[in-house]
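Student: Dropping the structure in here first, questions after.
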Amino acid sequence: MSDVDALVAQLERDNEALLDFLYLCPLAIAQLDGEGGVEMMNPAGARIFMTLSAEPEITNLLDVLAPFAPTLRASVADLTATAGTICENQRIEVGQRAPGQALPLVLTLTLIKLNATKIMAVAADVSRSAAQERAAQATEVRFRAVLDGVRDYAIFAVDLAGRVETWNKSAERLFGYAAEEVLGRDHSMLLARTHQPRERSAALLQGATAQGWAEDEGWWGRKESTRFWGNCVLSVAEDADGRPVGFTHIVRDLTRRKRNEDALRSLAHTDPLTGATNRRGFDEALAAEFRRWGAEGEPFCLIMLDADHFKRVNDLHGHPGGDAVLVALAHACRDQLRECDLFARVGGEEFALLLPATDRPGGRAAAERVRVAVESLRVAHGADTIRFTVSLGVAQVGPAGATPEGLVALADAALYEAKRRGRNRVVLAPAPDP
Amino acid sequence: MDFEHPDLHRWLEEASDEALDALAYGVIGLAPDGVMERYNTFESKLSGMSPARVLGRHFFTEVAPCTNNFMVAQRFEDLGALDESLPYVFTLKMRPRKVTLRLLRRPDARRMYIIVRERA
């Protein structure tokens, strides 16, 4: 073999190795003419840029990129210097392009003008790191949302049985207990007494044991018997060998947020004239009461109330007079009811009273108190004093009124009977079967 | 043998290397695991790569990563039987070239094939 032949063979091998190198390069590399026309491109370039192209070909890279980077062509035109950087690692959000694509496509693009007729383009597929960034941002946003409006937070640890093991200043401040009052005691003492603290704390520990962490939002109790609405995240604490030794709690006071939510909710559920719960609120509360009855079997009563001869009040005193009567009626009812009772306006002059944990005698007694209170009302309206009465029908949940509609019909029938018997009286629906 | 012949796959299975080298289109034959077993002269000329360099390599990851996508590699992976032609761009010797790819796979065949023809 002559020296020349050997040289040619060597050049061919070098050329092949160079091609191989470029074929395998994971970055997209392209050489463009001054207008963006593709002169040379490696396979990674074809793979990455083909995804962007509507056609199965790439003639001009700037055309292909235009829908995703609308200012790019202007940037190329703006660069009047013969050479310079057009863009450097510019992020191009391409998004979902292919049916089987796992992640939205994100590219970084660098364009460098070498002279009037030559532009080098380098692009990298950064979809994966972009997705990780997005996930990190979402976590941060969520974390901030939880922290927003947080007045205070407490961190404490309990052992596997739920006994408090560590109690620091933050916990002392939030709960009002000193360390010696809490250490060694069951942490259910920190949950509001009215909301099944034992069950809730046990459920939390169980959840954390099963999946490594648990989250809960609900009422917590302070030493001074006040309560606050808190978010609690607890995670399993492990020893050096990875064995669970207890649980770490982070409790945040979200009372302010909860109050805002409740205010909005009550606004949507309140009758503007009387301040009573509106029809929608009543329907929801009645449904909730039925669920509780189904779960716990505790009886409750529904009272339907109607102002007697209300049309006459309106005729004599006009609608403002009628309104004044309804407002006074609402106040009188409120005064006779417990905090847990619901007082709702369900029609023009018709109201519903929902009394949890109340049987027939209790329901009749409440209805009678309301009747007497209304009878003794003197509503001042202009120069007039308006007196009026109400009729009430009482029904207890049971076989005869085992659905919201059934119970309402039962109480309505009793109310109708009260009207029929001469008004200003209380009638009890038939007793539920024993 | 015509690029579009319905029985192309069966013919390729039987064809000698010399017969493949006489074709006016590219032939890439892959074992079921994607390792390159056949590479004809036409394809070698197009790509600038000698058979000695590429045979025995995994096609989708070690030779043509640009085909390791839902259009080509994924189709081979997902479908037991495959005979589809699609327009594609190969960057042969760094020049984007419009090609038509015909993808062939049959459960009873020994090899899968990627057939490459230039488009106008």
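Student: Counting only residues that are among the charged types (D, E, K, R), give me the helices (runs of 4 or more DSSP H) lying completely in segment A:157-225 with at least 3 of them.
Tutor: A:169-175, A:197-211
Student: Of the conditions (1) at pLDDT 90 or above; (2) crowded, with 17+ Cβ neighbours inside 10 Å; (3) on the phi < 0 side of the Ramachandran plot, A:ASN424 fails just one. Which one is it?
Tutor: (3)
Student: Also, I was wondering about something else. Give the residues of segment B:9-43 that are out of contact with any Gly (no Cβ under 8 Å at 6 or more places or on another chain) and within 14 Å of another protein chain (Cβ to nearest Cβ), sorted by residue number.
Tutor: Within segment B:9-43, B:ILE28 is the sole residue that qualifies.
Student: Considering only segment A:17-107, give the strands (runs of 3 or more DSSP E) lying wholly within it that have at least 3 residues that are within 14 Å of chain B (Cβ to nearest Cβ).
Tutor: Counting at least 3 such residues, we get A:28-32, A:38-41.
Student: Moving on to the next point. For segment A:387-426, name all the residues that are without any contact (Cβ under 8 Å) to a residue 40 or more places away in the chain and either of a type in the set (Lys, Arg) or closer than 21 Å to A:GLY348 by Cβ (or both).
Tutor: Result: A:ARG387, A:GLU405, A:ALA409, A:ALA413, A:TYR416, A:GLU417, A:ALA418, A:ARG420, A:ARG421.
Student: Still on this structure, please answer the following. Identify all residues within segment A:18-30 that are hydrophobic (A, V, I, L, M, F, W, C) and surrounded by 11 or more Cβ atoms within 10 Å (Cβ to Cβ); write none if there are none.
Tutor: A:LEU18, A:LEU19, A:LEU22, A:LEU24, A:CYS25, A:LEU27, A:ALA28, A:ILE29, A:ALA30
Student: Also: Name the residue, out of B:GLU84, B:GLU43, that is assigned to a helix (DSSP H, G or I) and among the acidic types (Asp, Glu).
Tutor: So the residue among B:GLU84, B:GLU43 that is assigned to a helix (DSSP H, G or I) and among the acidic types (Asp, Glu) is B:GLU43.
Student: Looking only at segment A:367-386, decide whether some residue is free of Cβ contacts under 8 Å to residues at least 12 places away in the same chain and touching a Ser or Thr at 6+ places or on another chain (Cβ under 9 Å).
Tutor: yes
Student: Considering only segment B:83-98, state which residues are more than 13 Å from the chain's Cα centre (by Cα) and either among the hydrophobic types (A, V, I, L, M, F, W, C) or farther than 21 Å from B:VAL35 by Cα (or both).
Tutor: Of everything in segment B:83-98, those that are more than 13 Å from the chain's Cα centre (by Cα) and either among the hydrophobic types (A, V, I, L, M, F, W, C) or farther than 21 Å from B:VAL35 by Cα (or both) turn out to be B:PRO87, B:VAL89, B:LEU92, B:LYS93, B:MET94, B:ARG95, B:PRO96, B:ARG97, B:LYS98.
Student: Then there's this: Does segment A:249-259 contain any residue that is outside the structural domain of A:ARG334 (by TED's automatic domain parsing), within 19 Å of A:PHE175 (Cα to Cα), aliphatic (A, V, I, L, M) and assigned to a loop (DSSP other than H, G, I, E, B)?
Tutor: Within segment A:249-259, one or more residues are outside the structural domain of A:ARG334 (by TED's automatic domain parsing), within 19 Å of A:PHE175 (Cα to Cα), aliphatic (A, V, I, L, M) and assigned to a loop (DSSP other than H, G, I, E, B).
Student: Scan segment A:200-220 and report the pairs whose first residue is within 16 Å of A:ARG252 (Cα to Cα) and whose second residue is charged (D, E, K, R) and surrounded by 13 or more Cβ atoms within 10 Å (Cβ to Cβ), with Cβ atoms within less than 6 Å and a gap of 6+ or a chain change.
Tutor: Listed pairs, sorted by first residue: A:LEU204/A:ASP216; A:TRP219/A:ARG227.
Student: Something else about it: Consider A:LYS311 against the criteria (1) in a helix (DSSP H, G or I); (2) farther than 22 Å from A:ARG423 by Cβ: it satisfies all of them except one. Which criterion is unmet?
Tutor: Failing condition for A:LYS311: (2).
Student: With the condition kept exactly as written, say whether any residue in segment B:99-115 is under 13 Å from the mean Cα position of the chain (by Cα) and loosely packed, with under 14 Cβ neighbours inside 10 Å.
Tutor: Among the residues of segment B:99-115, not one is under 13 Å from the mean Cα position of the chain (by Cα) and loosely packed, with under 14 Cβ neighbours inside 10 Å, which makes the answer no.
Student: Here's a follow-up. Taking the condition of being among the charged types (D, E, K, R) and either in contact (Cβ under 8 Å) with a residue 40 or more places away in the chain or in contact with a helix residue (DSSP H, G or I) (Cβ under 7 Å, 6 or more places away or on another chain) (or both), how many residues in segment A:173-187 meet it?
Tutor: 1
Every residue, every condition in (1) among the basic types (Lys, Arg); (2) surrounded by fewer than 18 Cβ atoms within 10 Å (Cβ to Cβ); (3) modelled with pLDDT of 90 or more; (4) touching an Asp or Glu at 6+ places or on another chain (Cβ under 6 Å), yes or no:
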residue	(1), (2), (3), (4)
B:ASP7	no, yes, yes, no
B:ALA24	no, yes, yes, no
B:TYR39	no, no, yes, no
B:VAL54	no, no, yes, no
B:PHE59	no, no, yes, no
B:VAL63	no, no, no, no
B:ALA81	no, yes, yes, no
B:SER85	no, yes, yes, no
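Student: Any idea how many residues of segment A:38-59 are surrounded by fewer than 16 Cβ atoms within 10 Å (Cβ to Cβ) and under 16 Å from A:LEU111 (Cα atoms)?
Tutor: 1
Yes/no matrix, rows are residues, columns are (1) hydroxyl-bearing (Ser, Thr, Tyr); (2) touching a Lys or Arg at 6+ places or on another chain (Cβ under 8 Å):
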| position | (1), (2) |
| --- | --- |
| A:MET41 | no, yes |
| A:PRO67 | no, no |
| A:SER75 | yes, no |
| A:ALA83 | no, yes |
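Student: Filter segment B:54-81 for residues that are within 18 Å of A:ALA28 (Cβ to Cβ) and part of a loop (DSSP other than H, G, I, E, B); which is farthest from the other protein chains (Cβ to nearest Cβ)?
Tutor: Checked segment B:54-81; the qualifying residue farthest from the other protein chains (Cβ to nearest Cβ) is B:VAL72.
Student: Does A:ASP5 satisfy the condition of being more than 14 Å from chain B (Cβ to nearest Cβ) and not hydroxyl-bearing (Ser, Thr, Tyr)?
Tutor: yes
Student: Sort out which residues of segment A:158-171 are more than 19 Å from A:GLY218 (Cα to Cα), of a type outside the set (A, V, I, L, M) and in contact with a helix residue (DSSP H, G or I) (Cβ under 9 Å, 6 or more places away or on another chain), and write them in order of number.
Tutor: Listed by number, the residues that qualify are A:ARG163, A:THR166, A:TRP167, A:ASN168.
Student: Now for a separate question. Condition first: assigned to a loop (DSSP other than H, G, I, E, B), more than 15 Å from B:ARG111 (Cβ to Cβ) and out of contact with any Lys or Arg (no Cβ under 6 Å at 6 or more places or on another chain). Now tell me which residues in segment B:8-40 satisfy that.
Tutor: Residues satisfying the conditions are B:ALA22, B:LEU23, B:ALA24.
Student: So which residues in segment B:82-120 are within 12 Å of chain A (Cβ to nearest Cβ), in contact with a Lys or Arg (Cβ under 8 Å, 6 or more places away or on another chain) and either of a type in the set (Lys, Arg) or farther than 24 Å from B:LEU46 by Cα (or both), if there are any at all?
Tutor: B:LYS98, B:ARG119
Student: Does segment A:335-343 include one or more residues that are out of contact with any Phe, Trp or Tyr (no Cβ under 8 Å at 6 or more places or on another chain) and among the aliphatic types (A, V, I, L, M)?
Tutor: No, the conditions are met nowhere in segment A:335-343.
Student: Looking only at segment A:362-378, which residues are more than 22 Å from A:ALA285 (Cα to Cα), part of a helix (DSSP H, G or I) and not aliphatic (A, V, I, L, M)?
Tutor: A:GLU368, A:ARG369, A:ARG371, A:GLU375, listed by residue number.
The values are calculated or read from the model by the stated rules, or taken from the named source; none is laboratory data. Predicted model, so just to flag it, every value in this text is computed and none were measured. Neighbour counts are summed over all protein chains in view; Cβ atoms, including those assigned to glycine, are modelled from backbone coordinates with ideal geometry.
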